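The structure appears right after this line, and notes come after that.
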Amino acid sequence: MGIYALSWKNLRRNRLRNLSTVLRISLGVIILLILVSSGLGISSFIEKSGTSNGNILAGQKSNQTSGTDNQTNIVSSAVNYLNSFLGSTFTENQLINRLESFLVNVVYILDGIASIALLIGVLGIMNTMGFNLSGRKREIGLLKCMGFTKRQIFISCTLEAGLLGLIGSIIGVIVGTLGIWIISTFFQPGLFTILLPFWLFIGTITVTTMLSLVLGLYPAWFTSQINVEEALLCEY
Amino acid sequence: MNTEDILTFKDVSKVYKKGGVERVALNNLSFSLNSQTHTLIKGPSGAGKTSLIYLAGLIKKPSAGEILVNGISTQNLNEEGCSNLIKNEIGFIFRRSNLLPYLSILENVMLPMVSADKEKAKRLLEKVELDDWNRFPHELSIEAEQRVALARSLVNDPTLLLADEPTGELDEDETDNFIGLFDKMDDLTILMTSDQNSLNQFFQDYELEYGVLKL
């Protein structure tokens, strides 16, 4: 059967613990998808408006020529309101530039929060793998008696962590995409659209799986070093 | 050394050190097991039986002396070399079956296979008189579990079978049934340890008294 097939079979054990880890990762992925896709939507909005006339609302200002000076009035009245409220002397362009840089910062913050959410989700892997593997000492001793090397045991345990990450990220991507589709279909976000490019799916799954593999390294290494004689005397 | 020797111990000693105190488990042990012999090593608890099995199975390194498996010296073998020798030449069974609880008995037998061969695993299970391959270890008696462990140990056609008190948890009838299976394995060299005197009739037996082997 081979030791690497064990990585998959081992997921059948400690089901509740593995399930909670997978769900934690999925939640992290869902938050990441929502925040990053919203950020991409805002960035795309800034880009589109900016390229059409230099900056966000200037694009709307250009509509003046096509007869819709309604929006220009909105910008002007917003500037007037802010100036009177704050006692400032912003010009239209200054306000527009500040708004643009504010939105760019919002995107950075969203991405930052998304990364932290994912990291918190994936960090659980280390804990889960530590618990899972500490309950398998006798089994690891047996594998060594069958001629499996430390390296093979190490790879098998690391793969198990990677599989947890892969399953969690796939579930997260499916549920997250469904959620974003529901939000954008039924709640119509309006000014900003939510963008969900294909690379985001692949990137999220790859990064999550790689992170899981990395976080599984230490528990896997620790397990591979187990002393056979002591392991075979273990009750578990 | 005879070319037919499957396992040779040359002046092997094993000393454990714990808290600055040395304990000699095996003292200058020398013996050879010829091909296709079934040998029983008896001795009280603490006599060094398990140490002997672990040394023969390359799980432990001797403090002094040399061990040869099928004519190959294990003195300078690295982990990879030991691993290959274990896979190709040695089968193990223990006091407890150590079957993986979440694998069926067929999957347990296939676990150490170098290349997966379901039919061979089924043949081995038939050889140890088990035919319900999809059952799980918790559905079996302790003796049946030991038979699965025996089938698992034979899966890579070893020349040497090491059994560390495999009948330790079996009653008399179960022990007779289990040891009876060894009769079907004439082509195998078996080294078994036990503290049960009733097994003498099946084996050429030696007594291990605190690290010293006596015929």
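Those helices (runs of 4 or more DSSP H) of segment A:1-116 in which at least 2 residues are at pLDDT 85 or above, touching a helix residue (DSSP H, G or I) at 6+ places or on another chain (Cβ under 7 Å) and among the hydroxyl-bearing types (Ser, Thr, Tyr), considering only elements entirely within it, cover A:15-53. Is it the case that some residue within segment A:165-187 is away from chain B (no Cβ under 14 Å), under 30 Å from A:Ser38 (Cβ atoms), outside any helix (DSSP H, G or I) and out of contact with any helix residue (DSSP H, G or I) (no Cβ under 7 Å at 6 or more places or on another chain)? Looking for residues that are away from chain B (no Cβ under 14 Å), under 30 Å from A:Ser38 (Cβ atoms), outside any helix (DSSP H, G or I) and out of contact with any helix residue (DSSP H, G or I) (no Cβ under 7 Å at 6 or more places or on another chain), one finds at least one in segment A:165-187, hence yes.
For (1) touching a His at 6+ places or on another chain (Cβ under 9 Å); (2) among the acidic types (Asp, Glu); (3) modelled with pLDDT of 90 or more, each residue gets a yes or a no:
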| position | (1), (2), (3) |
| --- | --- |
| B:Ile67 | no, no, yes |
| B:Gly71 | no, no, no |
| B:Glu79 | no, yes, no |
| B:Lys87 | no, no, no |
| B:Phe92 | no, no, yes |
| B:Asn98 | no, no, no |
| B:Pro101 | yes, no, no |
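Scanning for something modelled with pLDDT under 95, out of contact with any Asp or Glu (no Cβ under 8 Å at 6 or more places or on another chain) and within 14 Å of chain B (Cβ to nearest Cβ), does segment A:202-209 turn up at least one residue? Within segment A:202-209, not a single residue is modelled with pLDDT under 95, out of contact with any Asp or Glu (no Cβ under 8 Å at 6 or more places or on another chain) and within 14 Å of chain B (Cβ to nearest Cβ). Remark: A:Gly162 matches the filter, which requires a residue to be of a type outside the set (A, V, I, L, M, F, W, C), away from every other protein chain (no Cβ under 14 Å) and touching a Leu at 6+ places or on another chain (Cβ under 6 Å).
Cβ separations smaller than 7 Å between residues 6+ apart or across chains give no pair from segment A:112-129 residues that are farther than 19 Å from A:Ile170 by Cβ and among the polar types (S, T, N, Q) to residues that are at pLDDT 90 or above and not in a helix (DSSP H, G or I). Contact map, segment B:191-203: first residue more than 14 Å from B:Asp171 (Cβ to Cβ), second residue aromatic (Phe, Trp, Tyr) and modelled with pLDDT of 70 or more, Cβ cut-off under 7 Å, separation 6 or more or different chains; pairs are B:Met192/B:Phe203; B:Phe202/B:Phe182.
For segment B:96-115, residues that are more than 8 Å from chain A (Cβ to nearest Cβ), under 17 Å from A:Ile3 (Cα atoms) and hydroxyl-bearing (Ser, Thr, Tyr) total 2.
For B:Arg96, the conditions (1) touching a residue at least 40 places away in the same chain (Cβ under 8 Å); (2) over 17 Å from A:Leu143 (Cα atoms) are fulfilled apart from (2). If you check A:Phe154, A:Phe201, A:Phe222, A:Phe186 for being within 16 Å of A:Ile3 (Cβ to Cβ) and aromatic (Phe, Trp, Tyr), only one passes: A:Phe154.
Scanning segment A:82-140 for residues that are under 17 Å from A:Gly28 (Cβ atoms) and of a type in the set (Asp, Glu) yields a single hit, A:Asp111. For segment B:51-95, the tally of residues that are farther than 27 Å from B:Glu169 by Cα, at the interface with another protein chain (Cβ under 10 Å from one of its Cβ atoms) and acidic (Asp, Glu) stands at 2.
The number of residues in segment B:127-142 that are more than 16 Å from B:Ser153 (Cβ to Cβ) and in a loop (DSSP other than H, G, I, E, B) comes to 8. Against the test of being under 19 Å from the mean Cα position of the chain (by Cα), among the hydrophobic types (A, V, I, L, M, F, W, C), at pLDDT below 90 and surrounded by 21 or more Cβ atoms within 10 Å (Cβ to Cβ), the options B:Leu125, B:Leu111, B:Leu150 yield a single qualifying residue, B:Leu111.
Of the residues making up segment B:168-180, none is in contact with a strand residue (DSSP E or B) (Cβ under 9 Å, 6 or more places away or on another chain) and within 24 Å of B:Met110 (Cβ to Cβ). For the residues A:Thr149, A:Thr128, the requirement of being within 14 Å of chain B (Cβ to nearest Cβ) and either crowded, with 19+ Cβ neighbours inside 10 Å or in contact with a Lys or Arg (Cβ under 8 Å, 6 or more places away or on another chain) (or both) singles out A:Thr149.
The residues in segment B:11-50 that are more than 13 Å from B:Leu213 (Cα to Cα) and either surrounded by 20 or more Cβ atoms within 10 Å (Cβ to Cβ) or touching a residue at least 40 places away in the same chain (Cβ under 8 Å) (or both) can be counted, and the count is 12.
The values are calculated or read from the model by the stated rules, or taken from the named source; none is laboratory data. Owing to the predicted nature of the structure, the values given are computational and were not obtained by experimental measurement. Note: ideal-geometry Cβ built from the backbone for every residue, glycine included; neighbour counts use all protein chains shown.
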